[in-house]
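Worksheet: the structure to be examined is printed underneath.
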Amino acid sequence: MGSRVTLAFHGAAGTVTGSRYLLEVDERRVLVDCGLFQGYKHLRERNWRPFPVEPSTIEAVFLTHAHLDHSGYLPRLVKDGFSGPVYCTQATRDLCRILLLDSAKLQEEEAAFRNRHQYSKHQPALPLYTQHDAKKALELFEVVGFSMPENPMPGVSLGNIEVGFYPNGHILGSSYLDVQAGGRHILFSGDVGRGNDLVMRPPEFPIYCDYLVVESTYGNRLHDNRDVWEVVGDIINETVSGGGSVLIPSFAVGRAQSMLYLITELRRREMIPYLPIFLDSPMAISVTELMQRHHRYHRLNKTTCQQLSRDVTFTRDVEDSIAINKVQVPAIILSASGMATGGRVLHHLQRMLGDHRNTVMFAGYQAPGTRGARLVAGERQIKIFNRYFDVKARVESLDFLSAHADRLELLRWLQQLPTAPKRCFVTHGEEEASDQFRISISEELGWNACVPDMGDKVIL
């Protein structure tokens, strides 16, 4: 008798965050991705629930990439008993060293802030995990090299579970995973990148699979095809001509580097004035430096990577960040976080939102419930640090700068599969996006597709 293989969806089902897929092969358990829930409060509260199975019984974790909605729950899993290896690519490990420690620091700071101001329901307020937990998690990481479609050798072999990591073009080190378990091939798409990204190379074509788990972040939308250089250049020029500055809330991993390249290149081509540019995010600065070390895995050569830091002010220290407020001339400020959920960007928003001359430019996906999503939706008052601020500044949302493939790009990527999978599970999208993409897969590709609910468990 063959092995019994089941797949359970403990995250990224009906929502775009918290990717966690539990694969059980007979009595063995492994986890694909281990992400934080983000966005609405009811989603964030799921991070505090006990994991559905005892973490100590999970043999290994496989990460598609480093973004916190795919890796950010790891320190909590370790705190609760997981002690197995965490397999990922070299760049993913390097990025997680930055992201997980920063996430833990923010957790600690938020708990301290709540205790200081006594506005927590819990006394005392505790962090989801600490920097100590994050360091323990990082000690478990093991690096795996990329496989390639022309040489589909598994990067990890654990008896009857073998896993290959294939470049999928989303961020540095990101992969889709080919998991061979108990005689079945299960392909996990991770977050699929785009063919024309400014920095990342196109995703590798998917390889044969029996079952497919595919993301659907933009499963119901198309990115517009406007010229990115002209659009961003026009917004900056219009803002500057009116005496304002441009604030770009940026995901520290991926979008900050793409936007920095775009803006410095616009300036070099003399499509915008020679403006001061600030990268105000210690994490984004560290990732930008990491881009140079891993230049073989993206479009920018080492020289171009080095140019990203020329004539750009990197502000690591809090004092340097505060000093930006004293700049009297129009400037461009890139600051984390990308959805304006926390970090230094909140201080810039406090200062800049009330001035109609300024522009806030979002350049990536805004999850429902986040401050970024509310600004993009046109809300005229935004709560920051328990105070409301009037929104008079211009707000722009440039979805076409997203690092996620849109509906057609996802379909084209899936069409490269050599044969149709037996079943396709559509995940990692809001309900409407996932269901619309399920319909697209069923009607345009003729495949058997479904959208699993949180907690669903299927036999493969």
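The values are calculated or read from the model by the stated rules, or taken from the named source; none is laboratory data. Just so it is clear, the model here is predicted, and its values are computed rather than measured. When we count neighbours, we look across all protein chains shown, and the Cβ atoms used for this are built from the backbone with ideal geometry, even at glycine. Note: areas computed on protein heavy atoms with side chains; ligands, DNA, RNA excluded. Shrake-Rupley method; radii C 1.70, N 1.55, O 1.52, S 1.80 Å.
In this structure, Gly242 does not satisfy being at positive phi and of a type in the set (Gly, Ala, Ser). Here Gln415 qualifies as of a type outside the set (Lys, Arg), open to solvent by 20 Å² or more (accessible area, probe 1.4 Å) and in contact with a Leu (Cβ under 8 Å, 6 or more places away or on another chain). Considering region 108-163, and only residues there that are free of Cβ contacts under 8 Å to residues at least 24 places away in the same chain and open to solvent by less than 40 Å² (accessible area, probe 1.4 Å), the residue that is farthest from Ser71 (Cα to Cα) turns out to be Ser120. Scanning region 285-334 for residues that are hydrophobic (A, V, I, L, M, F, W, C), open to solvent by less than 70 Å² (accessible area, probe 1.4 Å) and either free of Cβ contacts under 8 Å to residues at least 24 places away in the same chain or touching a strand residue (DSSP E or B) at 6+ places or on another chain (Cβ under 7 Å) (or both) yields Ile285, Cys305, Val312, Phe314, Ala323, Ile324, Ala331, Ile332, Ile333, Leu334.
Please return the ranges of strands (runs of 3 or more DSSP E) entirely within region 378-420 where 1 or more residues are of a type in the set (A, V, I, L, M).
On the way: elements: 381-384, 387-390, 394-397.
Here the list reads 381-384, 394-397.
Here Arg116 meets each of (1) among the charged types (D, E, K, R); (2) closer than 30 Å to Asn386 by Cβ; (3) within 24 Å of the chain's Cα centre (by Cα) with one exception, condition (3).
Going through Leu43, Leu7, Leu36 one at a time, which residue ends up being assigned to a strand (DSSP E or B), within 25 Å of His404 (Cα to Cα) and either open to solvent by less than 10 Å² (accessible area, probe 1.4 Å) or touching a residue at least 12 places away in the same chain (Cβ under 8 Å) (or both)?
On the way: Leu43 fails: assigned to a strand (DSSP E or B); Leu36 fails: assigned to a strand (DSSP E or B).
Answer to the check: Leu7.
Checking each residue in region 68-83 for being open to solvent by less than 10 Å² (accessible area, probe 1.4 Å) and more than 16 Å from the chain's Cα centre (by Cα) picks out Pro75, Leu77, Phe82.
For region 343-393, filtered to residues that are surrounded by 15 or more Cβ atoms within 10 Å (Cβ to Cβ) and of a type in the set (Gly, Ala, Ser), the residue that is farthest from Asp280 (Cα to Cα) is Gly369.
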